[in-house]
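Here is the structure we will look at.
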Amino acid sequence: MSSKSRGLLFIISAASGTGKTTLAERLVQIMPNLRMSRSYTSRAARAGERPGVDYNFVSRETFEAMISRGEFLEWADVFGNLYGTSRVDTETWLDSGQDVVLTIDVQGVFQVKALGVDYTGIFILPPSFEVLERRLRGRSADSEDSIQQRLKTARREVLHYAEYEFVVINDQLESATVRLQEIIAAARSRTPRMQALALKIIDTFHG
Ligand code: 5GP
């Protein structure tokens, strides 16, 4: 594969608590040349979250200044906090030929789509509402209010699954990870992505 071809953009969405961050982290550990974007957020760090690793935690003022400078590829207000993807980071990684995974909510995906940016969208569903609720409660990092809000938003978000190219059910971490790997491998084999290499091989037939 040509190392000079531009990287591919993958966008993973799922209701909060579905496990998309865990899945994306596993994916980038397993697959070469794939990296996760680190979002900016105005939300406070949860216990155990590492600044600059899990998120870039910034104040609401800093976030709003970044919006007005046009520094986000997309951003959204989720559960009263602001979350966004750095435009320059994403462009730099893609230009250098790395494939990038964004784990963002459905509002953010609409913005990326509206920009006409090329991406592969993957929606992750939990096996059921009950399982999602259990997972959110098991995480126990959130208050009851926050859990209720996430469940309410989840009911709305899952309705968007059909706007994504792929759907993966996160029933078991291992099988869902394998499914995601397969999707990424398939996207990497698309004809436009393979063209430079294919032409080089075809040249050997006629040279
Ligand atoms: P959490 O607070 O649980 O880490 O994330 C809450 C929601 O914000 C999740 O649905 C997550 O996908 C979304 N989110 C995280 N980062 C971004 C981002 O950069 N942009 C958008 N639009 N949503 C994000």
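Screening LEU132, LEU102 for residues that are touching a Ser or Thr at 6+ places or on another chain (Cβ under 7 Å), touching a residue at least 24 places away in the same chain (Cβ under 8 Å) and either within 11 Å of the ligand (Cβ to nearest atom) or under 30 Å from PRO192 (Cβ atoms) (or both) leaves exactly one candidate, LEU102.
Residues that are modelled with pLDDT of 95 or more, among the aromatic types (Phe, Trp, Tyr) and farther than 22 Å from ASN56 by Cα: does segment 91-106 have at least one? For segment 91-106, residues modelled with pLDDT of 95 or more, among the aromatic types (Phe, Trp, Tyr) and farther than 22 Å from ASN56 by Cα: absent.
Looking across segment 29-77, the residues that are closer than 24 Å to GLN111 by Cα and of a type in the set (A, V, I, L, M, F, W, C) come down to LEU34, MET36, PHE57, VAL58, PHE63, ALA65, MET66, ILE67, PHE72, LEU73, TRP75, ALA76. If you go through segment 135-150 and pick out every residue that is in contact with a Lys or Arg (Cβ under 8 Å, 6 or more places away or on another chain) and surrounded by 16 or more Cβ atoms within 10 Å (Cβ to Cβ), you end up with 3.
The values are calculated or read from the model by the stated rules, or taken from the named source; none is laboratory data. Predicted, not measured: the structure shown is a model, and the values here were computed from it. Don't worry about glycine lacking a Cβ; one is built from the backbone with ideal geometry, like all the others, and counts go over all protein chains shown.
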